Amino acid sequence: VMAASKPVEAPGGGGGTAGLSRWQLALVLGAPILLGAGAIYLWGRRAARRGKGASERKTPEGRASPGPGSEGGSGQPDGPGHEEMNPLGRAQAAKNKGNKYFKAGKYELAIQCYTEAISLCPPEKNLDLSTFYQNRAAAYEQLQKWTEVAQDCTKAVELNPKYVKALFRRAKAHEKLDNKKECLEDVTAVCILEAFQNQQSMLLADKVLKLLGKEKAKEKYKNREPLMPSPQFIKSYFSSFTDDIISQPLLKGEKSDEDKDKEGEASEVKENSGYLRAKQYMDEENYDKIISESTKEIEAKGKYMAEALLLRATFYLLIGNASAAKPDLDQVISMEDANVKLRANALIKRGSMYMQQQQPVLSTQDFNMAAEIDAQNADVYHHRGQLKILLDQIEEAVEDFDECIRLRPNSALAQAQKCFALYRQAYTGSNALTVQAAMKGFEDVIKKFPKCAEGYALYAQALTDQQQFGKANEMYDKCIDLEPDNATTYVHKGLLQLQWKQDLDKGLELISKAIEIDNKCDFAYETMGTIEVQRGNLDKAIEMFNKAINLAKSEMEMAHLYSLCDAAYAQTEVAKKYGLKPPTL
């Protein structure tokens with residue numbers, strides 16, 4: 001994310017360096033397809049609207065057969081005294097007495113009455129019996145006896161399988177008992193039965209998905225095999241820096257003044273300098289050898305030790321190994337006699353790493369220090385501007401982009417991102433005139449810099465927000481003409497087809513194309529999984545999410561993907577168990 005481990009993806013789908021990556025988009029944009037852990041429940045928006053469902057669900061049932069949203073009747077018996085004549089009547093009377101105790105807060109007495117109702121009720125009266133069990137569970141819940149709550153709700157659900165109130169109460173009990181998987185299954189069933197209209201059940205689903213995701217990602221990330229991203233990804237990442245000595249062509253920034261007249265020695269140095277060999281491998285796109293060659297330079301305490309530390313740290317970040325990158329970055333930052341450009345670049349990368357780890361205070365400190373030690377470094381302002389957008393500090397972001405533009409007037413990227421920041425500000429402030437001005441700003445940028453793919457990409461995102469789908473599509477086509485091997489653009493264009501024409505086939509075709517271009521594009525697999533969920537192909541969706549998980553570049557990203565995967569899995573379980581399926585596109 002940002003300079004940490006991956007290029008910052010354009011919200012609209014341009015090159016690696018524009019806009020923001022997708023977990024950031026969730027904060028900034030609310031992307032076309034929901035991005036939270038509950039994203040996967042997205043057909044909820046399309047489901048037929050039903051009642052809002054129970055909002056608090058604390059009271060016991062007053063009537064025999066509860067509807068999904070019923071909160072129970074008055075607690076009075078259904079008729080006069082003739083009920084007492086048959087066993088069901090006596091059971092109802094015991095339940096009604098229990099309801100009175102419940103309302104008075106006398107839960108132990110209420111439990112005794114519900115127990116009596118259960119023993120009196122004829123066994124073939126399923127709905128009545130299920131109500132008595134669920135009422136007793138409600139009383140146990142008040143006493144925080146979670147095991148008993150779960151047991152009684154299970155009885156109620158066995159008797160009445162689509163009993164929303166009992167399923168939700170059992171979900172909450174499972175949450176208290178730390179049975180996350182069971183909690184997720186129950187709350188998923190509730191969400192589907194309530195057609196995704198109840199905020200409470202949606203929030204619990206989201207909460208448990210995030211917890212499960214975090215737990216699984218922590219374990220998996222610790223033991224993951226480091227994975228080198230695709231060459232397109234790496235080049236895209238380095239293109240977000242212009243003042244970065246280590247990514248410039250061989251020997252350009254590496255000769256000190258007295259070396260300049262000793263060109264002949266350069267090839268000799270290459271033989272015994274691990275760093276220069278690493279640079280050679282970089283030019284050849286032989287990225288797998290860079291960490292080991294840099295290590296040789298570092299162990300030999302060679303002439304290019306600072307450069308080698310920064311290069312090694314950068315590749316550790318690229319393969320998703322932030323804990324190995326940090327000591328190298330720390331060391332470069334503390335080398336007071338090293339080239340200030342190296343130290344500033346290390347600060348940008350460490351600051352971006354902190355942002356990815358959700359430590360904005362440390363991140364901001366690093367960027368501020370970089371601006372102090374190398375005030376003329378345009379990269380600092382460019383990357384700090386992106387951080388400020390993330391932190392919703394739009395005015396400061398615009399100031400940073402302005403400074404970047406002042407230092408580097410030809411920076412198309414900074415100008416496009418400044419437009420994007422101004423657009424966000426106008427859009428969130430719902431100010432039609434400033435939105436119009438920002439849109440005109442995009443037009444100016446693409447006129448002035450017709451070769452900047454990110455300008456079209458960010459403009460496409462704004463156009464999508466404004467529902468100008470046809471024009472957004474044209475902008476993505478321009479991006480593709482300029483950067484035909486940028487997989488991310490195809491994914492965003494695929495998402496646009498869904499929003500614009502609900503055209504799943506076209507969307508999938510474009511995303512498949514992205515995978516063809518870059519088979520390590522985790523964003524493509526994730527998006528494909530989300531689409532398969534919408535089509536009702538849950539097994540296929542789970543397969544796609546698992547592919548994305550194996551490619552995830554940070555623990556946080558992996559946690560988000562596990563949440564999506566678990567949500568899809570819970571739906572397959574619910575479909576099997578209750579014969580329920582969410583509506584599909």
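Here are some residues: Glu254, Glu265, Glu285. Which one is open to solvent by 30 Å² or more (accessible area, probe 1.4 Å) and modelled with pLDDT under 85? Don't jump to the end; show me each part of the working.
Values: Glu254 fails: open to solvent by 30 Å² or more (accessible area, probe 1.4 Å); Glu285 fails: modelled with pLDDT under 85.
Just one listed residue meets the conditions, Glu265.
Only residues that are without any contact (Cβ under 8 Å) to a residue 60 or more places away in the chain and surrounded by fewer than 18 Cβ atoms within 10 Å (Cβ to Cβ): list them for segment 333-363, please.
Hits for segment 333-363 are Ser334, Met335, Glu336, Asp337, Val340, Gln359, Pro360, Val361, Leu362.
Have a look at Lys513, Lys506 and point out the one that is at pLDDT 95 or above, open to solvent by 20 Å² or more (accessible area, probe 1.4 Å), assigned to a helix (DSSP H, G or I) and more than 12 Å from Leu561 (Cβ to Cβ).
Details: Lys506 fails: at pLDDT 95 or above.
Only one candidate passes the filter, namely Lys513.
Given the structure, is Leu551 over 26 Å from Ala472 (Cβ atoms), in contact (Cβ under 8 Å) with a residue 12 or more places away in the chain, touching an Asp or Glu at 6+ places or on another chain (Cβ under 6 Å) and among the aliphatic types (A, V, I, L, M)? So that I can check it myself, show each step before the final result.
Numbers: over 26 Å from Ala472 (Cβ atoms): yes; in contact (Cβ under 8 Å) with a residue 12 or more places away in the chain: yes; touching an Asp or Glu at 6+ places or on another chain (Cβ under 6 Å): yes; among the aliphatic types (A, V, I, L, M): yes.
Answer is yes for this residue.
Considering only segment 534-548, how many residues are farther than 23 Å from Lys576 by Cβ and among the hydrophobic types (A, V, I, L, M, F, W, C)? Step through it out loud before you land on a result.
Restricting attention to segment 534-548, the residues satisfying the condition of being farther than 23 Å from Lys576 by Cβ are 547-548.
From what's left, among the hydrophobic types (A, V, I, L, M, F, W, C): 548.
Result for segment 534-548: 1.
Do the conditions hold for Glu526, that is, is it over 24 Å from Met202 (Cα atoms) and either in contact with a Cys (Cβ under 7 Å, 6 or more places away or on another chain) or not aliphatic (A, V, I, L, M) (or both)?
No, not satisfied.
Determine, yes or no, whether Ala300 is open to solvent by 30 Å² or more (accessible area, probe 1.4 Å) and either touching a Gly at 6+ places or on another chain (Cβ under 6 Å) or among the aliphatic types (A, V, I, L, M) (or both).
Numbers: open to solvent by 30 Å² or more (accessible area, probe 1.4 Å): yes; either touching a Gly at 6+ places or on another chain (Cβ under 6 Å) or among the aliphatic types (A, V, I, L, M) (or both): yes.
Yes.
Restricting to segment 150-166, name every residue that is open to solvent by 40 Å² or more (accessible area, probe 1.4 Å), of a type in the set (D, E, K, R) and farther than 9 Å from Ser130 by Cα.
The one that is open to solvent by 40 Å² or more (accessible area, probe 1.4 Å), of a type in the set (D, E, K, R) and farther than 9 Å from Ser130 by Cα: Lys162.
Can you pull out the residues in segment 448-493 that are at pLDDT below 95, more than 18 Å from Ser239 (Cβ to Cβ) and of a type in the set (Gly, Ala, Ser)?
Ala462
Taking the condition without any contact (Cβ under 8 Å) to a residue 60 or more places away in the chain, farther than 22 Å from Glu182 by Cα and among the aliphatic types (A, V, I, L, M), does Ile511 pass?
yes
Only one of these is closer than 22 Å to Thr530 by Cβ, touching a helix residue (DSSP H, G or I) at 6+ places or on another chain (Cβ under 7 Å) and either aromatic (Phe, Trp, Tyr) or without any contact (Cβ under 8 Å) to a residue 24 or more places away in the chain (or both): Tyr476, Tyr423, Tyr456. Name it.
Tyr476
Name the single residue, out of those in segment 543-579 being assigned to a loop (DSSP other than H, G, I, E, B) and not aliphatic (A, V, I, L, M), that is farthest from Ala171 (Cα to Cα). Write out each step before concluding.
So the first thing to find is which residues in segment 543-579 are assigned to a loop (DSSP other than H, G, I, E, B), and the list is 552-554, 579.
Those left that are additionally not aliphatic (A, V, I, L, M): 553-554, 579.
Values: Lys553: 32, Ser554: 30, Gly579: 19 Å.
Among them, the one singled out is Lys553.
Looking only at segment 477-490, which residues are out of contact with any Gly (no Cβ under 9 Å at 6 or more places or on another chain), of a type outside the set (Asp, Glu) and not in a helix (DSSP H, G or I)?
If the condition is that a residue be out of contact with any Gly (no Cβ under 9 Å at 6 or more places or on another chain), of a type outside the set (Asp, Glu) and not in a helix (DSSP H, G or I), then Pro484 is the only one that fits.
Please pick out the residue among Asp330, Asp366, Asp379, Asp374 that is closer than 23 Å to Glu293 by Cα, touching a residue at least 12 places away in the same chain (Cβ under 8 Å), acidic (Asp, Glu) and open to solvent by less than 50 Å² (accessible area, probe 1.4 Å).
Step by step, each of Asp330, Asp366, Asp379, Asp374 is checked, and only Asp330 is closer than 23 Å to Glu293 by Cα, touching a residue at least 12 places away in the same chain (Cβ under 8 Å), acidic (Asp, Glu) and open to solvent by less than 50 Å² (accessible area, probe 1.4 Å).
Take Lys540 and tell me if it is free of Cβ contacts under 8 Å to residues at least 24 places away in the same chain, assigned to a helix (DSSP H, G or I) and charged (D, E, K, R).
In short, yes.
The values are calculated or read from the model by the stated rules, or taken from the named source; none is laboratory data. It should be emphasised that the depicted structure is a prediction, and the values quoted were computed from it without experimental measurement. Note that each Cβ is placed from the backbone with ideal geometry, even for glycine, and that neighbours are counted across all protein chains shown. Quick note on the areas: whole protein, heavy atoms, side chains included, nothing else; ligands and nucleic acids left out. Shrake-Rupley method; radii C 1.70, N 1.55, O 1.52, S 1.80 Å.
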